[in-house]
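Chemist: Have a look at this one before I ask anything.
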Amino acid sequence: MSPTRTSTSVLMLLMLLAAASAPPARALSDEEIFRDVPFNLLNPGARAMSLGGAFTSLADDSTAAQANPAGLVTLRRPELFFEVRASRLDQSAVLVEGPVDGEFFQGTVTAGAVSDPSARFSPTFISWVLPLRRVAFAFSRLESLDIRARTENSFALVGRQAIFDPVADGGRPDPIGFEDIDFALTADADISARIVQYNAAFAAELWSGFSVGVTAVFGMLDMDGRVDNLFVDNTALPGEPFAQPTLDYATRIDDDDSDFAWTVGLMWRPAEWISIGGTWRQGLDFTVEERVVQSGLGHVRATNLYGERFDLTLRTPDIAALGVSIRPSEPLTILVDVVRVEYSDLLEGFKAGLNRIVFPETEAAFTVDDGTEIHGGIEYVWLAGRTPVALRAGAWREADRRIRYAGTDPGLALVFPAGEAVTHYTGGIGVTVRQAIQIDLAVDVSDRSASFVASTIYRF
Amino acid sequence: MRLPCRSGVVVALAVVLAVAVGMPLSGKRGTWYDPYLDAVEALEAGDAARAVDLLEAALSRRPESGYHRTYGTNYIHYTPHARLAFAWQMLGDCAKALRELERAEAAGELVDDPSLAPRGEVVRRACTPAPRPEVVAVDEGASRTPPSPPVPALDPARLERGVAAFLAGDLETADRIFSRTADDAADSAIAQSLLALVRFARWTAGGRRDDALIAEVRQAVGRARALDPLYSPPPALCPPELLALWDEGR
């Protein structure tokens, strides 16, 4: 049996499976990483993280360079900021299995996906701020994406499949018998992607309590990727074709790109106890080259569809944020941010059909919704002698960012469903020593990830 | 690579920058600590009149002294009355200086921030009238208070040139002139104090990293104090840090 026949059968059987009310499943994709890219969109700094990322309206330390540049004018002394982050995305494993008793196939279909991102530990944000009276300058470096993941997708069909006469009477194929089949497709992939941003920010206080800021962003993407699509016919006897895993087609990415973008921010403090902030952050557009490896049974067809080399676009989402913070008493601050993330930007230049299941349907429809995220946090500061100690807690709702199938094919709809919004819970502590050194720690936990951030600020 | 030419973004940025450049910057910010911290800087720069305005603005927004939170998790010693006392003394208004000093003491400011206490003492001494000397009967052969050391004569023209250079910011020339003056009038507390003043200014102008220079300042202050323990340099010329240095050994 050829791999093409196999994939057609898989599609057909998955459609049947969908009709048989299979349990809901997450996406099954050999390029899973492109459907659920874990961008680091949270405002940097342990203080902001422990406040649920709600920092747009406060932005009163050197992380303002990223969170809201308009807040930079709040600072009175030059600051140097450094952050390290350890993060772990949970391994995800999905298995869809069900019996099929159809006209053309009776048996069992199994589809599984395992994604295993590596835990990461790296300095993710460094910033230096120079306040000069009513204006301020800041320079910073941010890692907005750092992912290394291995994914393996598998599809198995075991049972009896119809054998067709090429064209029977009446012009339609009729089964002329059945054959036992037991074959598997495997998509084995490694992805490594890193986006580093260099930011230069300027802020000015226009009048009492009202300031504006702008950040020029230079971003660089470095991406490496490997996807091998293999085929095995388990009914073949040893030594026969396809008895061992056989390469169908493969793709590779080893490229980098850079781009410019802007962030603008506003900050208004109508009274000392309240602050309102807003930002708009333009996403970065990256284009990297992906190539079809010129070997394997199906590489000619893949090359005919996409070319030997083609562009793959990764666009980080535009983000608009509006926040309010109130300080009902000196030790207590309460913050809320509403953040609109244009995840639909991810679809810009999206290429369908590369996925082993979809291949070679280049017109398959995929979509993702823009998300509205709510961030909230509370900070309480007390004095241990002359040393301020801060206790913080927060939560935020991360919108579903998984790219899903949006066409009419029920099988693909089953394989590529939407994801789920995830609630994150955050907390942390901070201490400021001798009015010069601030040390903050924060954790962020959710059902599918955990992050730990330690940051420090040195005030000159 | 995509160029940053999205028209909407560029227009928005242009508007923001035009407004930022064109708007007159506010003289006062909305918080209590901004005018207060500006006042502290003004005092350090010797601009006592501006410091008074800013301190009064800070007091109108936050009357109570103490250790208060500013931005972020920063706290500062908020001592507006003590700072006002320093400013009024620099302006020569001893009545207001003493009144503010009393308020500072009543509010515990000098206890809250002990580093201000020596400067407060300087204000008190400078603004408190000296007691009249006791009249003692002259008795031949009896011991009596030793006379003050003779003050060497200083060359007024040279001093004038040195002060002019100092005020013009030509610290090298001022240093040269005051060094010669201190060498020529080694017994003059005034000459030593002028030398301390110009070297302190050089230390400040150089970013306060020259340890040798500040050591020389301390030596000159020490010599001046040894020569005339009752001598204090003119407050209008001296920044508070130098006055505090002066007062350290008393």
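Chemist: The conditions are (1) modelled with pLDDT of 85 or more; (2) part of a loop (DSSP other than H, G, I, E, B); (3) crowded, with 18+ Cβ neighbours inside 10 Å, and residue A:294 fails exactly one of them. Which is it?
Modeler: Here residue A:294 clears every test but (3).
Chemist: Would you confirm whether any residue within the stretch A:262-283 is crowded, with 16+ Cβ neighbours inside 10 Å and not in a strand (DSSP E or B)?
Modeler: Yes, that holds for at least one residue.
Chemist: If you don't mind, there's one more thing I want to ask. Filter the stretch A:38-57 for residues that are among the basic types (Lys, Arg) and assigned to a loop (DSSP other than H, G, I, E, B) and give the result.
Modeler: If we filter the stretch A:38-57 for residues that are among the basic types (Lys, Arg), which is where we start, we get A:47.
Scanning the stretch A:38-57 gives no hits.
Chemist: Residue A:248 - would you say it is crowded, with 16+ Cβ neighbours inside 10 Å, charged (D, E, K, R) and over 30 Å from residue A:141 (Cα atoms)? It would help to see each step written out before you state the result.
Modeler: Numbers: crowded, with 16+ Cβ neighbours inside 10 Å: yes; charged (D, E, K, R): yes; over 30 Å from residue A:141 (Cα atoms): yes.
Answer is yes for this residue.
Chemist: A further question on this structure: Of the residues that sit in the stretch A:209-237 and are surrounded by fewer than 22 Cβ atoms within 10 Å (Cβ to Cβ) and within 13 Å of chain B (Cβ to nearest Cβ), which one is farthest from residue A:297 (Cα to Cα)?
Modeler: So, considering only residues that are surrounded by fewer than 22 Cβ atoms within 10 Å (Cβ to Cβ) and within 13 Å of chain B (Cβ to nearest Cβ), the one farthest from residue A:297 (Cα to Cα) is A:209.
Chemist: In the stretch A:366-404, which residues are within 24 Å of the chain's Cα centre (by Cα) and of a type in the set (D, E, K, R)?
Modeler: The initial filter retains those residues of the stretch A:366-404 that are within 24 Å of the chain's Cα centre (by Cα), namely A:366-377, A:394-404.
The answer is A:369, A:370, A:373, A:397, A:398, A:400, A:401, A:402, A:404.
Chemist: Please specify each residue of the stretch B:65-93 satisfying the condition of being away from chain A (no Cβ under 14 Å), under 20 Å from residue B:108 (Cα atoms) and of a type in the set (D, E, K, R).
Modeler: B:83
Chemist: Sort out for me the strands (runs of 3 or more DSSP E) sitting completely within the stretch A:342-460 that have 3 or more residues that are of a type in the set (A, V, I, L, M) and within 14 Å of chain B (Cβ to nearest Cβ).
Modeler: Details: elements: A:371-384, A:387-398, A:422-433, A:437-445, A:449-459.
It comes to A:371-384, A:387-398, A:422-433, A:437-445.
Chemist: Then there is this: For residue B:176, indicate whether it is free of Cβ contacts under 8 Å to residues at least 12 places away in the same chain, part of a loop (DSSP other than H, G, I, E, B) and surrounded by fewer than 22 Cβ atoms within 10 Å (Cβ to Cβ).
Modeler: When the stated conditions are applied, residue B:176 does not pass them.
Chemist: Within the stretch A:209-233, track down each residue that is more than 24 Å from the chain's Cα centre (by Cα), without any contact (Cβ under 8 Å) to a residue 60 or more places away in the chain and farther than 23 Å from residue A:282 by Cα.
Modeler: Narrowing the stretch A:209-233 to residues more than 24 Å from the chain's Cα centre (by Cα): A:209-214, A:230-233.
Now restrict to residues that are without any contact (Cβ under 8 Å) to a residue 60 or more places away in the chain: A:210, A:230, A:232.
Result: A:230, A:232.
Chemist: Residues that are modelled with pLDDT of 85 or more: which strands (runs of 3 or more DSSP E) entirely in the stretch A:101-193 hold 3 or more of them? Lay out the reasoning, then the answer.
Modeler: Details: elements: A:105-117, A:120-132, A:135-164.
Fully inside the stretch A:101-193 and qualifying: A:120-132, A:135-164.
Chemist: Additional query: Only one of these is more than 12 Å from every other protein chain (Cβ to nearest Cβ) and modelled with pLDDT of 90 or more: A:264, A:300, A:336. Name it. Step through it out loud before you land on a result.
Modeler: Values: A:264 fails: more than 12 Å from every other protein chain (Cβ to nearest Cβ); A:300 fails: modelled with pLDDT of 90 or more.
Every option except A:336 fails the conditions.
Chemist: What's the number of the only condition in (1) within 14 Å of chain B (Cβ to nearest Cβ); (2) in contact (Cβ under 8 Å) with a residue 12 or more places away in the chain that residue A:329 fails to meet?
Modeler: Answer for residue A:329: the failing condition is (2).
Chemist: Show the residue pairs that are 6+ apart or on different chains and have beta-carbon atoms under 6 Å apart, the first residue being within the stretch A:188-208 and within 14 Å of chain B (Cβ to nearest Cβ) and free of Cβ contacts under 8 Å to residues at least 60 places away in the same chain, the second being among the aliphatic types (A, V, I, L, M) and surrounded by fewer than 18 Cβ atoms within 10 Å (Cβ to Cβ).
Modeler: Close Cβ pairs satisfying both conditions: A:206/B:23.
Chemist: Another one. If you check residue B:172 against the conditions, is it closer than 25 Å to residue B:41 by Cα and more than 20 Å from the chain's Cα centre (by Cα)? So that I can check it myself, show each step before the final result.
Modeler: Working: closer than 25 Å to residue B:41 by Cα: yes; more than 20 Å from the chain's Cα centre (by Cα): yes.
It is true that residue B:172 is closer than 25 Å to residue B:41 by Cα and more than 20 Å from the chain's Cα centre (by Cα).
Chemist: What's the number of the only condition in (1) free of Cβ contacts under 8 Å to residues at least 40 places away in the same chain; (2) over 19 Å from residue B:117 (Cβ atoms); (3) crowded, with 22+ Cβ neighbours inside 10 Å; (4) small (Gly, Ala, Ser) that residue B:48 fails to meet?
Modeler: Of (1) free of Cβ contacts under 8 Å to residues at least 40 places away in the same chain; (2) over 19 Å from residue B:117 (Cβ atoms); (3) crowded, with 22+ Cβ neighbours inside 10 Å; (4) small (Gly, Ala, Ser), only one is false for residue B:48: (1).
The values are calculated or read from the model by the stated rules, or taken from the named source; none is laboratory data. If you're wondering where the values come from, they're calculated on a predicted model, not measured in any experiment. Positions of Cβ are generated from backbone atoms using ideal geometry, with glycine treated the same way; all protein chains shown enter the neighbour counts.
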